[in-house]
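Let me begin by presenting the structure, written as structure tokens, before commenting on it.
The values are calculated or read from the model by the stated rules, or taken from the named source; none is laboratory data. Not measured: the values here are computed from a predicted model. Cβ atoms come from the backbone with ideal geometry, glycine included; neighbour counts cover every protein chain shown.
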Amino acid sequence: MNRRVYFLAAGLVLVAAGVSSFKYVRGGMKISPEASRNLWRVNVSMEIAGKGERAKVRLTLPRDTERQTVYNEHFENAGLTFYVRERPLTGNRIGFWRSELLEGSRTLQYACSVQLKGLAFAFPGDALRPVNALEAYPPEFHTWLNPSDFIQSESAPIQRSLKKVVGRERRIGPAVRKIFDFVRGDVKYRSERGSKDALATLARLEADCGGKARLFAALSRAAGIPSRLVGGIILKDGVKSVTHVWAENYIAGRWIPFDVVNDHYAAIPHDYLELYRGDYALIKHTGLKKFGYFFVIGRERMPPVDYPWSLYGLPIHFQSTIKVLLLIPVGALVVALFRSVVGVPTFGTFAPILLALAFREISLGVGLLCLGIILFCGWLLRALLDRLKILVIPRLSIIVTTVVILVLVMMVVGFRLGEEKMLFISLFPFIILTWTIERFSVLEIEDGLQAALRALGGTTVVAVAAFYLMAWNALRVALFTSPELLLVVMAALLLLGRYTGIRVTELVRFREFVRLGKGGPG
Amino acid sequence: VNGFGTLRRLGVLALNRRNARYTLGRNPRRLYPLVDDKLRTKALLEEHGLPAPALYFRIDHNFEIPKIRQIETFKDFVVKPARGAEGRGILVIADREGDRWKKSSGEVLTTADIEYHVSNILAGLYSLGGIDDRAFVEYRVRCHAALAKHAFRGVPDVRVILYRGVPVMSMLRLPTRGSDGRANLHQGAVGCGLDMARGETTGGVLKDRWIGRHPDTGLPVAGIRIPFWKDILATAVRTYDVFGLGYMGADFVVDHLLGPLILELNARPGLNIQLANHKGLLPVLDAVDARGRGVEHFSAAERLELALNLVR
């Protein structure tokens, strides 16, 4: 029987290893050496500090295009609500973090791996510029033909400049070339705080990438060619916070990139990561006292795995639920270890795991404090109810009801005293704390106060241990990338299930024997 | 320095191994209700002619509570929950004074108090997990004089561990002031190891400490002779044939009139019996296993013989 358990455990580990290596090998074989040089890991870190009101941060996230593949996305929401929306016209993917009431400093993170390709376009330049562009293109292109706040394509200076630069050239190709050469050559590059608009760039003939791209787009639109800005980062190992902006013109049925700053005519190099389209900002935020961000960019070794069953394939805002779910078996392993090997008494198997999850939500210190207060009040109440000789189930229900009243009182009093954050403690940890006191009471009835206190202490210790293990980021990421590791957890639990050794606490229980063994028989 | 090594060398059975090898390995799940429900235990014991305190009547439902008036015809009795564990919910009425009842502790109760106690039992106040329970009223055991003086209130009992039907270890459990008249070791009763061949105590343990004298009576815990010891062993061996649990504890009391009676059986007997006996269970358990597969099929007399050979 023993042997069967070992075989099963070994089998589970083998299956996990097999799944892992299959994923690795399959992913690795699909990638050519040239492409693997263009794998990057990009991490956006945002340091924010709230001012005690509603706060919102939005960041445009990279999306899949013909030249970039985004995979293994990961985010840290630091207690804020996170969700992703896609914009219809541009197709931009926008991640929102929001909190109804944000106080103190937090770090929000978004990380992803990307595989990029450089592209160069050749386009037939013989087509003629339409006389009336708005009629020549379907309505969804009108946004990219009409003037906008910073791309004033219909203003007189732009129209005059267009006449001077393009002259009587009717063909699209040579016209774009002339505009490109003018903006690249005649406008000097100078980095500045806040990009200029197209008019100011034309007036000063000096701008950063944003101003130059706007002027290029304004002249293109004036020439009747749909044109838009594209924002992104030029990837390079290290830490940076500089973004880049270039332009795209719609020529011969496709969007073709033009970067006047770095002289990429109808081409885009392999290290350009595209983040958004249109004249937008990469990051916007409201309700913050302080905001700072930076990118950490490094090389990625794992190529994108075309693996439909990966958890990364799920919508990114559901992934946090899954991460919590993945931690439960880890917690169970901790509980099993503590109970079978150390011999710490706990309230059942799940109480320590649930407590650890509650601690994750309301922080360890607050969680322990709440646990203490609620248990003490509940115990006091139970002692009073004992005298009334009430049956167990109604008695426990009275205790649970009282805890709920206690929480409500804490909320109302806290709110009146101006501690608004009392209202936002999530319901889940309180349910768990309330349930813990029920377990405590049952054990006290069955085995007495001493045993109940011992189990409470044990539960707390195990919960704290599970809390720290669950907070271990590398483990969470590993479990998320390779959920097959759960099979290894199961194998470990199987072996624990056959562990027939002496528990550590039994050394104390049988200490008379230990002493006997040392002192010789007698 | 290495406590683990010491415990292993002395053959101390620890919880993990007891659970995996002995209770899970030897006690089929389906047999548990036979011993967890005292009414079923009692019925089986009676059916096979094994001695137990007589059942007066049982109360299964709330509407039957008026049945309790039958106690008017008794002078003393015990009210018990069918599924109460570790002596919880047991009410011992030692005497009556007019229409009132006197507990063994001296407290005086009315019939209404007893009815309330029964309704608590039915609602599951004393059962594990709080599930609904049944109550019954039975004969009150009065302890044999040879043992009575060693206990502080309450009735001492004798626990015999049977492994595959062979008695392997036993102890006398003496209630103390701390255990509130109950004979459970972890509630503070004194456990005295027994010389299986002679039926005489060899020493004792209180909580997890070895002691020489009973904390309340002051009498030595060694050298107490158990009356009817041979009968106790013989009865214990026969219970295995009825219940079939491979690892079981049988609790006996010795009544001053009726002699040894089986009080209850336990499918997960505790490990402190080893402390009471100052020795580990594993050597003797292994010795039983060394007799081969057929131990269960030995006759009761052969298993008794085997037990006495093992301890010799």
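Among the residues of the stretch B:256-312, just one is within 14 Å of chain A (Cβ to nearest Cβ) and on the phi > 0 side of the Ramachandran plot, namely B:HIS278.
With the condition kept exactly as written, say whether any residue in the stretch A:227-236 is within 30 Å of A:VAL44 (Cβ to Cβ) and part of a helix (DSSP H, G or I).
For the stretch A:227-236, residues within 30 Å of A:VAL44 (Cβ to Cβ) and part of a helix (DSSP H, G or I): absent.
Where strands (runs of 3 or more DSSP E) fall wholly inside the stretch B:159-249, the ranges with 3 or more residues that are away from chain A (no Cβ under 14 Å) are B:166-174, B:190-195. Considered as a group, the residues in the stretch A:478-511 that are more than 9 Å from chain B (Cβ to nearest Cβ), part of a helix (DSSP H, G or I) and small (Gly, Ala, Ser) include one that is farthest from A:VAL19 (Cα to Cα), and that residue is A:ALA492.
Among A:VAL166, A:VAL176, A:VAL183, which is over 22 Å from A:VAL230 (Cβ atoms) and of a type in the set (Val, Ile, Thr)?
Going through A:VAL166, A:VAL176, A:VAL183 in turn, the sole match is A:VAL166.
B:ALA300 falls short on exactly one of the conditions (1) farther than 26 Å from B:LEU10 by Cβ; (2) within 15 Å of the chain's Cα centre (by Cα); (3) of a type outside the set (Asp, Glu), and that condition is (2).
Restricting A:GLY104, A:GLY50 to residues that are at pLDDT 85 or above, touching a Gly at 6+ places or on another chain (Cβ under 8 Å) and more than 28 Å from A:PRO269 (Cα to Cα) narrows the list to A:GLY50.
For residues in the stretch A:411-437 being buried (at least 17 other Cβ atoms within 10 Å of the Cβ) and at pLDDT 75 or above, which is farthest from the other protein chains (Cβ to nearest Cβ)? The residue in question is A:ILE432.
Condition check ((1) in a helix (DSSP H, G or I); (2) closer than 13 Å to B:ARG268 by Cβ; (3) more than 9 Å from chain A (Cβ to nearest Cβ)) across all residues:
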residue: B:GLY5; (1), (2), (3): yes, no, no
residue: B:ARG8; (1), (2), (3): yes, no, no
residue: B:VAL12; (1), (2), (3): no, no, no
residue: B:ALA20; (1), (2), (3): yes, yes, no
residue: B:LEU24; (1), (2), (3): yes, yes, yes
residue: B:ARG30; (1), (2), (3): yes, no, yes
residue: B:LEU34; (1), (2), (3): yes, no, yes
residue: B:ARG40; (1), (2), (3): yes, no, yes
residue: B:ALA43; (1), (2), (3): yes, no, yes
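Every condition in (1) surrounded by fewer than 17 Cβ atoms within 10 Å (Cβ to Cβ); (2) over 35 Å from the mean Cα position of the chain (by Cα); (3) more than 11 Å from chain B (Cβ to nearest Cβ) is met by A:PHE440 except one, and the failing one is (1).
Every residue, every condition in (1) among the charged types (D, E, K, R); (2) buried (at least 18 other Cβ atoms within 10 Å of the Cβ); (3) in a strand (DSSP E or B), yes or no:
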residue	(1), (2), (3)
A:ALA78	no, no, no
A:VAL84	no, no, yes
A:GLY95	no, yes, yes
A:GLU100	yes, no, yes
A:TYR110	no, yes, yes
A:VAL114	no, yes, yes
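Of everything listed in (1) surrounded by fewer than 17 Cβ atoms within 10 Å (Cβ to Cβ); (2) in contact with a helix residue (DSSP H, G or I) (Cβ under 6 Å, 6 or more places away or on another chain); (3) under 30 Å from A:GLU444 (Cα atoms), the single unmet condition for B:GLY11 is (3). Of the set (1) closer than 18 Å to A:GLU248 by Cα; (2) at pLDDT 90 or above, all apply to A:GLY173 but (2).
Tell me, yes or no, whether the stretch B:281-294 has at least one residue that is touching a residue at least 24 places away in the same chain (Cβ under 8 Å), part of a loop (DSSP other than H, G, I, E, B) and buried (at least 19 other Cβ atoms within 10 Å of the Cβ). There is at least one residue in the stretch B:281-294 that is touching a residue at least 24 places away in the same chain (Cβ under 8 Å), part of a loop (DSSP other than H, G, I, E, B) and buried (at least 19 other Cβ atoms within 10 Å of the Cβ). Among the residues here, A:LEU475 qualifies as in contact (Cβ under 8 Å) with a residue 60 or more places away in the chain, surrounded by fewer than 17 Cβ atoms within 10 Å (Cβ to Cβ) and either at positive phi or not in a loop (DSSP other than H, G, I, E, B) (or both). Might you let me know whether the stretch A:153-167 holds any residue that is in contact with a strand residue (DSSP E or B) (Cβ under 8 Å, 6 or more places away or on another chain), modelled with pLDDT under 90 and not aromatic (Phe, Trp, Tyr)? No.
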